[in-house]
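Undergrad: Here it is, the structure, as C-alpha cells.
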Amino acid sequence: NRVLKPGGTVLILEFSLPDNRFIRLVYLIYLRYLMPVFGALVSGSLRAYLYLNKTIENFPSGNNFAAILSRTGFYRISVYPISFGIVTLYTGEKPG
C-alpha cells in the first residue's frame, strides 16, 4: 500500500490450498512428496522445495488474506480462485 499511488490497483497472485477436499488431498500429496523430489532433481536443492510447501500451507488465503488487505487500507477487494483453488488472484484498490 505504501508504494502504490493513490487510486492504484494491487494484483497479488499466490499459491493456495483448494477448498475441495479431494483436490486438496491430491495437491497436498504432490506438494509435500512429489514436488520436492522433482524440484531436487532439476535444481539440486531438496531443501528449497521442502520449504516451499510449508510456506504455501501456512500462507493466509481466501477471506483471511482479503481481511489483511482490508486492514492495510485497501478496498474493493476481490478473491479469484484459479486452477481449482491451487492459485488465487487477489485484487484491491488504494483510496484516491
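For (1) surrounded by 14 or more Cβ atoms within 10 Å (Cβ to Cβ); (2) more than 14 Å from the chain's Cα centre (by Cα), each residue gets a yes or a no:
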{"position": "LEU13", "(1), (2)": "no, no"}
{"position": "LEU41", "(1), (2)": "no, yes"}
{"position": "THR55", "(1), (2)": "no, no"}
{"position": "LEU69", "(1), (2)": "yes, no"}
{"position": "THR88", "(1), (2)": "yes, no"}
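Undergrad: Could you tell me whether segment 25-43 includes any residue that is free of Cβ contacts under 8 Å to residues at least 12 places away in the same chain and of a type in the set (Lys, Arg)?
TA: no
Undergrad: Then there is this: Kindly indicate whether ASN20 is at pLDDT 95 or above and not small (Gly, Ala, Ser).
TA: Values: at pLDDT 95 or above: yes; not small (Gly, Ala, Ser): yes.
In short, yes.
The values are calculated or read from the model by the stated rules, or taken from the named source; none is laboratory data. Just so we're clear, the structure is a prediction, and the values are computed from it rather than from any experiment. Backbone-built Cβ (ideal geometry, glycine too); neighbour counts: all protein chains shown.
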